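What follows is one structure encoded as structure tokens, with my remarks underneath.
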Amino acid sequence: MSFAQQLIDWRRELHQYPELSLEEVATTGRLRDWLQSGHIRLLPYDLKTGVVAEIGAGEKVIALRADIDALPIEEATRLPFRSRNAGVMHACGHDVHSSVMLGAALLLKEREQQLPGRVRILFQPAEENFGGAKALIRAGVLDGVSAIFGMHNEPGLPVGHFATRGGAFYANVDRFVIRVTGKGAHAARPHEGRDAILLASQLVTALQSVASREVNSLDSVVLSVTRIQGGNTWNVLPESVELEGTLRTHQVAVQQRVKKRVSEIAAGFAQAFGAQIDVTWYAGPTALVNDERWTAFAFEEAQRAGYQTEHAELHMGGEDFAVYLQHIPGAFVSIGSASEFGLHHPAFDPDEALIAPAAYYFAGLAERALQQA
């Protein structure tokens, strides 16, 4: 079996048996078995799921990272290797990322005696719930690491294309929940209550003006209300309504300004309508900020590897690789996967032709990064 086909076979097995964040027990077992079959040493970190491997010897350490979890999505493809776990799917391509880094590990193992240091490969759980990177860092996986590199497949790019950018790349991810508490009443006698649905509706409209009218149009910001829940029958005005949504930005100053204005607007509406409005924020990963030096290095290595390179646009999605970059420098890159359907879509189907070339790319990148570390 060829090297490329082996990686594809591993990817397909992972795809058939996807697991959600922090439930990747079988996935972890498969990864451990495949790494050990290649005589690659595993490091004994205290992890519930996920695995860390290392190749080489010496003081200098470069890290590569793949994510391994799947999403709570019912797969809609007709692939012969489609998910066998009902309601769970690798709809973001983490099975592809894992196969790429498995391939890089095997290639580096072949050159282990020539490596000027160690390459530590992180197969990270729980990227989708933004907890995995923090768990690995707490376990000590970044100890001694000079730089870290990671990837995401990009369905909007053709296979053979590569994109990244220095500085801010992916957005911070904040989730908010707003609870509007008025006074319930009969729908025929609204004057006896405080209509929480009416207030919540006006609040949604007002919040849209924050991004469109209170932030410089040259600064990236998305503020979206994605869920409204309130009431349970047709003839009663409910006492409370709950709103939920997300804030995405690339700058801390913009992030803090928007959060402040959301709270101010909520307080103003509460006072004007004689209601109570509580705003709760839940922080996800911060903006992913690539190190300029290592981004230029990753870009040059992509050109050396034969990729068609492009300057990436700002990405409004979140990525917990950002947490690693708060501790050590590194770069996150996009590699084309040419899927008709995008990330998190039930028919997402990345082109497997990207896997082997990306494995060669990351193996070469890690080896030459050791020479620069």
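Per-residue answers, yes or no, for (1) closer than 22 Å to S339 by Cβ; (2) over 19 Å from the mean Cα position of the chain (by Cα); (3) in a strand (DSSP E or B):
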| residue | (1), (2), (3) |
| --- | --- |
| G58 | no, yes, no |
| I62 | no, yes, yes |
| A66 | yes, no, yes |
| L79 | yes, yes, no |
| R82 | yes, yes, no |
| A91 | yes, no, no |
| V96 | yes, no, no |
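Yes or no: A347 at pLDDT 95 or above, open to solvent by less than 10 Å² (accessible area, probe 1.4 Å), at negative phi and of a type in the set (A, V, I, L, M)?
Considered against the rule, which asks whether it is at pLDDT 95 or above, open to solvent by less than 10 Å² (accessible area, probe 1.4 Å), at negative phi and of a type in the set (A, V, I, L, M), A347 comes out as no.
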Checking the structure you have, find out if any residue of the range 297-310 is of a type in the set (A, V, I, L, M), modelled with pLDDT of 95 or more and touching a Lys or Arg at 6+ places or on another chain (Cβ under 8 Å). no
Name the single residue that is nearest to L136 (Cα to Cα) among those in the range 59-98 being in contact with a helix residue (DSSP H, G or I) (Cβ under 6 Å, 6 or more places away or on another chain) and basic (K, R). K60
Taking T226, is it over 30 Å from Y361 (Cα atoms), under 21 Å from the mean Cα position of the chain (by Cα) and modelled with pLDDT of 95 or more? yes
Residue list for the range 24-71, filter: open to solvent by less than 10 Å² (accessible area, probe 1.4 Å), β-branched (V, I, T) and under 29 Å from A91 (Cα atoms): T27, I40, T49, V51, V52, I62, I68
Within the range 105-139, of all residues that are out of contact with any Leu (no Cβ under 9 Å at 6 or more places or on another chain) and outside any helix (DSSP H, G or I), the one nearest to I40 (Cα to Cα) is R111
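It is to be established whether one or more residues within the range 212-225 are buried (at least 18 other Cβ atoms within 10 Å of the Cβ) and not in a strand (DSSP E or B). Walk me through how you get there before you give the answer.
To start, the set of residues in the range 212-225 that are buried (at least 18 other Cβ atoms within 10 Å of the Cβ) comprises 215, 220-221, 223.
Cutting the leftovers down to not in a strand (DSSP E or B) gives us 215, 220.
Yes, some residue in the range 212-225 is buried (at least 18 other Cβ atoms within 10 Å of the Cβ) and not in a strand (DSSP E or B).
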Looking only at the range 335-344, count every residue that is open to solvent by 10 Å² or more (accessible area, probe 1.4 Å) and within 16 Å of the chain's Cα centre (by Cα) and tell me the total. 3
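Any residue that is within 15 Å of the chain's Cα centre (by Cα) and open to solvent by 10 Å² or more (accessible area, probe 1.4 Å) - is there at least one of those in the range 174-187?
Taking the range 174-187 first, the residues within 15 Å of the chain's Cα centre (by Cα) are 174-175.
When the remaining residues are screened for being open to solvent by 10 Å² or more (accessible area, probe 1.4 Å), the result is 175.
Checked against the condition, which is being within 15 Å of the chain's Cα centre (by Cα) and open to solvent by 10 Å² or more (accessible area, probe 1.4 Å), the range 174-187 yields at least one hit.
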What residue, among those in the range 124-157 that are polar (S, T, N, Q) and modelled with pLDDT of 95 or more, is most open to solvent (accessible area, probe 1.4 Å)? S146
Any residue in the range 118-129 that's at positive phi: show its pairings with residues that are open to solvent by 10 Å² or more (accessible area, probe 1.4 Å) and hydrophobic (A, V, I, L, M, F, W, C) at Cβ separation under 6 Å, as long as the two are six or more apart or on different chains. A126/L22
Going by the structure shown, is L218 modelled with pLDDT of 95 or more and closer than 29 Å to E319 by Cβ? no
So F332 fits all but one of (1) within 16 Å of the chain's Cα centre (by Cα); (2) farther than 15 Å from L64 by Cα; (3) of a type outside the set (D, E); what number is the exception? (2)
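The values are calculated or read from the model by the stated rules, or taken from the named source; none is laboratory data. Please read all numbers here as calculations on a predicted model, not as lab measurements. Cβ coordinates were reconstructed from backbone atoms using ideal geometry, including for glycine residues, and neighbour counts include every protein chain displayed. Ligands, DNA and RNA are excluded from the accessible area calculation, which covers all protein heavy atoms including side chains. Shrake-Rupley method; radii C 1.70, N 1.55, O 1.52, S 1.80 Å.
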